[in-house]
């Protein structure tokens, strides 16, 4: 999967019009200067040679040096490592919101089938998943940031950041024993995490509800009812655990959607993560930075998919055999 993605990214970047040197000089440099720059960065070589060099560098963790206007001259891997904690912090917070709200709404809807709360849960799952992320983020900024003034609308912090240990401001604040910094980091996380998390919660709501309805009406649930087991115990001890199996299975796919949504969310909230890094790199045709960022995205998603397979085996022993 990683190899196919690397090849696709390389081909697409070369097919699109323009290149980093043209974007860097804005078409104002003399042709000989442009030619020298292209030769210096190896962009004058045949595409096959560029591809071989690119693959060799990736698999030796040498992503090269940025050619873009914003990050020019910086090591690609170092820059990504610097920006990645911000995206990880945002993604973890958003996934907590998505799973908490989505699973709760799905369970309420499945337990109260065809009642008012079930209709509300289904409407919520449909509407929230159809709302554009950037619009939802702008509405949260307008209401909770501008009108009410409860929460900050951009950036990761206002106070001086704590000493760098992990790059995660919440964790670094705890390690430094700084309560004001921790509160500041949490306040800046709330709006972007709820924006991205609520968007994803719609999928969890619909999936958990549908899966719970199937397990509640299954043979083992009917047998438990025949033995006199209370309905609450059947739902939460037996049916709910089995209903989580398909939810966990598609969690890896949702993590990919989470990262793509993080790109838009980071731009909306001026969040300095690798989503913003990717957009800036695309605007400046920064081949090395674009390729390096997408490789890191893909690697993380593959690791998450492997972890999901392991968790599936823990939840459902049948998967192990």
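Would you mind checking the tilt of helix 31-40 against the longest principal axis of the Cα atoms of the chain, expressed as 0 to 90 degrees and rounded to 10?
With rounding to tens, the tilt is 60 degrees.
What is the fewest-to-most order of 108, 212 by other Cβ atoms lying within 10 Å of their Cβ?
With the fewest neighbours first, 108, 212 line up as 108, 212.
Order these by the 10 Å Cβ neighbour count, fewest first: 43, 67. Walk me through the intermediate numbers first.
Numbers: 43 18, 67 25.
Ranking 43, 67 by Cβ neighbours within 10 Å, fewest first, gives 43, 67.
For the chain, find the longest principal axis of its Cα atoms and tell me its angle to the long axis of helix 76-111, 0 to 90°, nearest 10.
20 degrees
Between Rg and the Kirkwood Rh of the chain, both from Cα atoms, what is the Rg to Rh ratio? Intermediate results must be reported in sequence, preceding the final value.
Values: Rg = 23.7 Å, Rh = 22.4 Å.
Across the chain, the Cα-based Rg/Rh ratio is 1.06.
I'd like the orientation of helix 274-283 relative to the chain: the angle between its Cα long axis and the longest Cα principal axis, in ° from 0 to 90, rounded to 10.
Tilt of helix 274-283: around 40 degrees.
Would you please classify the overall shape of the range 125-175 from the alpha carbon gyration tensor, given that a ≥ b ≥ c denote the square roots of the eigenvalues, rounded means a/c under 1.5, and beyond that prolate means a/b larger than b/c while oblate covers the rest? Display every interim value, and only then the final one.
Details: a/c = 3.61, a/b = 1.84, b/c = 1.96.
Here the range 125-175 falls in the oblate category.
What is the Cα centroid distance between the range 37-109 and the range 169-199, reported in whole angstrom?
23 Å
Quickly estimate the mean residue ellipticity at 222 nm for the chain, helices only: each DSSP H run with n ≥ 4 gives -39500 (n - 2.57), and the total goes over all residues, rounded to 500. List each step's numbers first, then the result.
Values: 14 runs with 222 residues, N = 321.
Roughly -23000 deg cm²/dmol at 222 nm, from the helical runs in the chain.
Would you list 220, 10 from fewest to most Cβ contacts within 10 Å?
Working: 220 12, 10 18.
Ascending number of Cβ neighbours within 10 Å: 220, 10.
Using the beta-carbon distance between residue 49 and residue 270 and R0 = 41 Å, what value does 1/(1 + (r/R0)^6) give for FRET efficiency, to the nearest 0.05? Can you show the working numbers first?
On the way: r = 39 Å, r/R0 = 0.96.
About 0.55, to the nearest 0.05.
Throughout, read-outs are computed from the coordinates displayed, never taken from laboratory work. Because the structure is a prediction, the values reported are computed rather than measured. In this analysis, Cβ positions are derived from the backbone assuming ideal geometry, glycine residues included, and neighbour counts consider all displayed protein chains.
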